[in-house]
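The values are calculated or read from the model by the stated rules, or taken from the named source; none is laboratory data. Only a predicted model underlies this, so the values are computations on that prediction, with no experimental measurement involved. A quick note on method: Cβ atoms are made from the backbone with ideal geometry, for glycine too, and the neighbour counts reach across all protein chains shown.
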Amino acid sequence: MSIKFENLDSALKKLLSNVSFYPEIEEVEPLNSYKRVLAEDLISPIDLPIRDISHVDGFAIRAEDTKGASKERSISLKIKGKVWAGEFPSFTIKKGEAAKVFTGAYIPDGADSMVMLEEVIQRDGKILISREVKRGEEVILKGSDFKKGSLILEKGSFIKAQHIGMLMNFGIKRIKVFRRPKIAIMPVGSELSDNLEDFEKGKIIDSHSWIIAKLIEENGGEAIHMGIVEDDLNNIHKKLKEGLKYDMIMTIGGSSLGEKDLVHKAINSIGKPGVLVHGLKLQPGRVAGFGVVDGKPIFILPGLIQSTINSFIFLAYPCLQYYFNREPKSYSIRVKAQLEEDLKFKRYRDFKKVSWVKLNYREGNYYAKPIFGMSPMTHVIGRADGYVLIEAYIEEVKRGEEVFVNLIDGL
């Protein structure tokens, strides 16, 4: 079998059109929803805040009571009571009255404005105000954050730390989220070991699996480590069959056409349609690919670290987003930056090229400094913040040109 290189867009389209995902939905408490993906639109059950609250430490008043107030003619209001945060006012403000209210506390009925503590003089149970106060001043109005019935978060939202706090503010006890996809990770290679002591015996430590596992977990999945598989067709076949009980499989290594590169053969031996793409017009990452068996994707990630990461980004990462009904992109966010050094490409003219970069921020602009190194070199990924994707047939990108730097959660 020879490698037939396919462009990224058509490869991804072929992948997504052949997989079949039926993610289950489960309910969790907001505190347990971090890094989960919302399976429903969340609608506000209440106005938030539930009533007018004070933005400052000061006095709740009726704005009309301050008409005509000036430095030459202060207005006197009687202090009726005090309201602390976390309690409902037990009285109403009437004409000529004020209430001491602290930041975040509810404003008593009848009052419509706040005047800051430092702007008044307190004397004999009264306050003196020497300026006119506008209606609504320093008041956070009922429902100004969220109206009852308004959208809090839309289906497909990735729950972040701030979202958990938001949900708790509404008193929401349970939310519906998609079940985390279980993704089997299967490193292939007789040269590999997960025992650090074997390093001195010439073995290669299986570090790539754990990088991929953390990327999966960071982006909403559950990583299942299947253990290292030796370069034996029967062993790989058996382990792949076992992995089919999960939602996806990611093999690492054994993706080329050498004597010990048996992954594509093993995939074809366990079911249909088998390997659909073996070879990408992507550098590094050109010997990557994928198969599909029983509607489940099996990703063929190469063993050299940059190729491993790149093929994860352009195949597995978009597929993970697709599982959650999110846009299948190859980045989390992207920023514009000026290139700090020339990029030159002499080989693989019709391939897209990935250049990993370090982002710097100076004087209001982002700058992208390329990190050079061959596919096996770990320092490239280790020092990088994101990557620049160079389109096919572009042989040079000059220093100072504007580029998009693509960022991935977890990298």
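Looking at region 49-57, is at least one residue among the hydrophobic types (A, V, I, L, M, F, W, C), in contact with a helix residue (DSSP H, G or I) (Cβ under 7 Å, 6 or more places away or on another chain) and either in the same structural domain as Pro273 (by TED's automatic domain parsing) or modelled with pLDDT of 95 or more (or both)?
Within region 49-57, not a single residue is among the hydrophobic types (A, V, I, L, M, F, W, C), in contact with a helix residue (DSSP H, G or I) (Cβ under 7 Å, 6 or more places away or on another chain) and either in the same structural domain as Pro273 (by TED's automatic domain parsing) or modelled with pLDDT of 95 or more (or both).
Out of everything in region 141-177 that is hydrophobic (A, V, I, L, M, F, W, C) and part of a loop (DSSP other than H, G, I, E, B), what residue ends up being surrounded by the most Cβ atoms within 10 Å (Cβ to Cβ)?
Ile159
If the requirement is being out of contact with any Leu (no Cβ under 7 Å at 6 or more places or on another chain), within 30 Å of Val19 (Cβ to Cβ) and not in a strand (DSSP E or B), which of these qualifies: Ser209, Ser190? Before you say what the answer is, go through the steps one by one.
Working: Ser190 fails: within 30 Å of Val19 (Cβ to Cβ).
Checking each option against the conditions leaves just Ser209.
Can you work out which of the residues in region 343-372 that are out of contact with any helix residue (DSSP H, G or I) (no Cβ under 8 Å at 6 or more places or on another chain) and of a type in the set (Phe, Trp, Tyr) is nearest to Leu282 (Cα to Cα)? Before the answer, list the steps.
Here is the first cut: in region 343-372, the ones out of contact with any helix residue (DSSP H, G or I) (no Cβ under 8 Å at 6 or more places or on another chain) are 343-351, 353, 355, 357, 359-370.
Subset that is of a type in the set (Phe, Trp, Tyr): 345, 348, 351, 361, 366-367.
Working: Phe345: 13, Tyr348: 9, Phe351: 5, Tyr361: 29, Tyr366: 26, Tyr367: 24 Å.
In this case the residue turns out to be Phe351.
Being touching a residue at least 40 places away in the same chain (Cβ under 8 Å) and more than 21 Å from the chain's Cα centre (by Cα) is the filter here; which residues of region 175-205 pass it?
Hits for region 175-205 are Ala184, Ile185, Met186, Pro187, Val188, Gly189, Ser190, Leu192.
Exactly one of (1) out of contact with any Gly (no Cβ under 8 Å at 6 or more places or on another chain); (2) in the same structural domain as Asn32 (by TED's automatic domain parsing) is unmet by Phe158. Its number?
With (1) out of contact with any Gly (no Cβ under 8 Å at 6 or more places or on another chain); (2) in the same structural domain as Asn32 (by TED's automatic domain parsing) applied to Phe158, the lone miss is (1).
I'm checking my understanding of the structure. Among residues of region 193-205 that are among the charged types (D, E, K, R) and assigned to a loop (DSSP other than H, G, I, E, B), which one is farthest from Ile224 (Cα to Cα)?
Lys203
With the condition kept exactly as written, say whether any residue in region 107-128 is part of a loop (DSSP other than H, G, I, E, B), among the polar types (S, T, N, Q) and closer than 15 Å to Gly96 by Cα.
No, that holds for no residue.
Taking interchain pairs and intrachain pairs at least six residues apart, which have beta carbon atoms under 6 angstrom, with the first residue in region 380-408 and assigned by TED's automatic domain parsing to the domain that holds Val357 and the second of a type in the set (Asp, Glu) and not in a strand (DSSP E or B)?
Ala392/Asp350; Lys398/Asp342; Arg399/Glu341; Arg399/Asp342
Output the number of the condition that Ser44 fails; it satisfies all remaining conditions of (1) in contact with a Lys or Arg (Cβ under 6 Å, 6 or more places away or on another chain); (2) of a type in the set (Ser, Thr, Tyr); (3) closer than 14 Å to Ile129 by Cα.
(3)
Rundown of residues vs (1) in a strand (DSSP E or B); (2) surrounded by fewer than 14 Cβ atoms within 10 Å (Cβ to Cβ); (3) in contact (Cβ under 8 Å) with a residue 60 or more places away in the chain; (4) not assigned by TED's automatic domain parsing to the domain that holds Phe314, yes/no style:
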{"site": "Ile3", "(1), (2), (3), (4)": "no, no, yes, yes"}
{"site": "Leu15", "(1), (2), (3), (4)": "no, no, yes, no"}
{"site": "Ala60", "(1), (2), (3), (4)": "yes, no, no, yes"}
{"site": "Ala69", "(1), (2), (3), (4)": "no, no, yes, yes"}
{"site": "Lys80", "(1), (2), (3), (4)": "yes, no, no, yes"}
{"site": "Pro89", "(1), (2), (3), (4)": "no, no, no, yes"}
{"site": "Lys100", "(1), (2), (3), (4)": "yes, no, no, yes"}
